[in-house]
Amino acid sequence: MLLTPGRSFFAERFLMSIVLRLRPQSRSQFLQTIFSADWPAFWPSVWIACLLIVGMPHAHSQEVSVRAELSAQQITRDESVMLTITAQGIDAELDSSSLSENFDVVSRSSSREISTTFSNNNQLINVSVVRWVLELLPKGQGVFTVPSVQVGDYETQLLTLNVSDIPTGASRDIFLEASVDTAEPWVQSQVVMSLRVFQAIDIVDGGLDSPSADNMTVQRIGEDTQSLEERDGREYRVTERRFALFPQKSGPITIEPVILNITVPADPSRVRGFFSPTRKLTRRSDAIELNVLPRPSTNAAWWLPAKALEIQAQWQSDPASAQVDQPLTRTLVMQAQGVLQSQLPEINIPAIDGVSLYAEDPRLTMDGDDSGLIAEQRINWALIPQRSGPLTLPAVSVEWFNTRTGQNETAQLPAETIIVAPASASSNNSANLTTNNASSDQQQGVNSALNDSSTNPLSDTASADLQQSLAIQEQAQLQSQGPRITALEDSVQRWRALALITLFAVLLAVLYWIFKRSSASRQASKSTAYSAVQNRLMPLQGVRKTAKQGDLLTLKIALMQWAGEQWTTSPPTTIDGLCAKLPEGDARDTLAALQLALYSKNGGSMAEPVLQERLNKLSDNLVIAMKAIEQERMPRGKDKRKEAYQSLPPL
């Protein structure tokens, strides 16, 4: 195909417009396609396009660059390294999936800043710089090539990292040791595991995992202890943490390595300040194998493997002063070493002849000492003797398995005999000493008559007359007290009715107060939610002002700043990302048109009239979209409240 000089001129202009609109990688592909074709007449145009690419930067383009940097070139296998990726003039997301083959990304963070500078043709442009910081933990040791990561269509350079083995001997700054008191425990018996952290340098922050294994119950023992110890000629500060492990199944069990994740100063020899650089270390203990022995064949109904067990009895009052109908309190205490409180059996209440016995619910507690856990059960018995004389309390026994000797044993509280005295005469007569003035006079009259009868014996007729006189006096006394009792009952009824009315009035007042308070709380929550929406929409003033000016690039920056105020946890960094967070509507359509205009021929310049008309309404449309999002977030009605409750994370 041949081109005339006139056609060649138009072809050159066409190539220039296409090449200037392409990104650097796309430009190279386009030029390769042209050079591979057999187009002799296009050679002048091709050379002109090459000169334009090399010597004439785009008037509206930013300086584009992507680079990666490691915080260290050499680390150990249990040490992390920071990978920093800096993208300038690129509006795209980071793709770090290529790192997963040789590294674990344990944490990541990002920051964004926008600065104003002059381009190569002395035009004022805005340059955006995005930084991603990834914390990498190598999966092995050796010389690793950190692969390239992508930011949009751009890739970072390759980096080299040397990962060495974990140091040993005196060169260790921090290490972890794990040990158990026995490697062959009985099933459901206690295994004391000690974790010891040796440190020769300061630890800024960190955490130690708990032991874990299949079919294993883990219980921490007490608090951490501190000590000093020398290893390999170097002094270390030692922090010891102890756990009680209870294997629930016989056979081999593997205790997984315990992981220590810590943060230490990057340079331990320097004085550490608040903003001093740090690095992360990971230490692992060795795995521990247990051979769990099965339960031996015994006749005991309850399997209780323990190191020691004893039963004691405590009296809250002296049993030597026991009397009939006077309660006594006896406390039984069962204490076992190396068991959980849930493993203790319940002591049965014995039946004792001549005693009314009432038992409280057992109180269970658990503590720890050097030998491990100590479980205790306390139960109070209230005994009320019903007869006098010797009273024997039966023996109490508990069968258990001694893990130290491997033998079945029985802990026994021997029988105890107490002597119960009869009820005292004063207690029997105290109920009969209630008298009044009238009865006192009558008693005096009766006593006088009886005294007279003792000196001058009465005949049977006189005795009958005396008894009849006493009966008449007693009946008269009851008749005189009847109106007083009736009046007292009426008074009690009146006070009872008044108390019920008062209680009902107080209940109504409390219900009214609760109703008013809940109404005020709902109004306050609605007002607070509305105020929160209005406060978050305040930065739209900058978007409204920039949109009216028509500068597309400045408007994009203002929109990203506004989006960062709305979604603080995961702010969008691109126009497409912002569109994805907004519902369908005018705001989303306008942003899509803005994105298209930014990458058009006049990208970054003033908006076209049609687009400008839509941008003038952008801020109002964003307000409508955000209010729609807020309404979706707030549950309404019974079903919505139920859905909100069900969306809570499990506790």
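The values are calculated or read from the model by the stated rules, or taken from the named source; none is laboratory data. Computed from a predicted structure; not experimentally measured. As a convention, Cβ positions derive from the backbone with ideal geometry for all residues, glycine included, and neighbour counts pool all protein chains shown. Please note that ligands, DNA and RNA were not included when accessible areas were found on the heavy atoms of the full protein model with its side chains. Shrake-Rupley method; radii C 1.70, N 1.55, O 1.52, S 1.80 Å.
Say R0 is 22 Å: what FRET efficiency, to the nearest 0.05, do Glu223 and Arg270 get from their beta-carbon distance?
0.10
Applying a 10 Å radius around every beta-carbon, put 359-365, 141-147 in order of their mean neighbour count, most first.
Top to bottom by mean Cβ count within 10 Å: 141-147, 359-365.
Just read off the accessible area of Leu293 with the full protein assembly in place, 1.4 Å probe, to the nearest 10 Å².
50
Mind checking which aspartates and glutamates have their C-alpha under 17 Å from Lys307, skipping anything on the same chain fewer than 8 residues away?
Of all the aspartates and glutamates, those that pass the test against Lys307 - Cα under 17 Å, at least 8 places apart if same chain - are Asp181, Glu184, Asp367, Asp369, Asp370, Glu376, Glu399, Glu409.
Whole-Hz ³J(HN,Hα) for each residue in segment 294-300, computed from phi via Karplus 6.51 cos²θ - 1.76 cosθ + 1.60 with θ = phi - 60°, x for glycine and proline: what do you get?
Per residue, the Karplus-derived 3J(HN,Hα) values read x, 5, x, 6, 9, 8, 6 Hz.
When the scattering of segment 140-185 is computed by the Debye formula from its Cα atoms alone, each counted once and equally, what is log10 I(q)/I(0) at q = 0.32 Å⁻¹?
Treating every Cα as an identical point scatterer, log10 I(q)/I(0) equals -1.10.
Counting alpha carbon pairs within less than 8 Å and at least 6 residues apart, what relative contact order, in whole percent, applies to segment 205-364?
Rounded, it is 17 percent for segment 205-364.
Over segment 286-424, what relative contact order in percent results from Cα pairs under 8 Å that are six or more residues apart?
Averaging sequence separation for qualifying contacts and normalising by length gives 29 percent for segment 286-424.
Just list whichever of Lys139/Lys581; Lys249/Lys280; Lys139/Lys249; Lys516/Lys581; Lys545/Lys581 have alpha carbons separated by over 28 Å in the model shown.
Lys139/Lys581; Lys249/Lys280; Lys139/Lys249; Lys516/Lys581
Which of the peptides 254-267, 399-412 is most tightly packed, and how do the rest follow, judged by the mean count of other Cβ atoms within 10 Å per residue?
The densest-packed peptide leads the list: 254-267, 399-412.
Calculate, in nm to one decimal, what Ala499 and Leu357 gain on full extension: separation in residues at 0.36 nm each, minus their alpha carbon distance.
Working it through step by step, the gained length comes to 47.2 nm.
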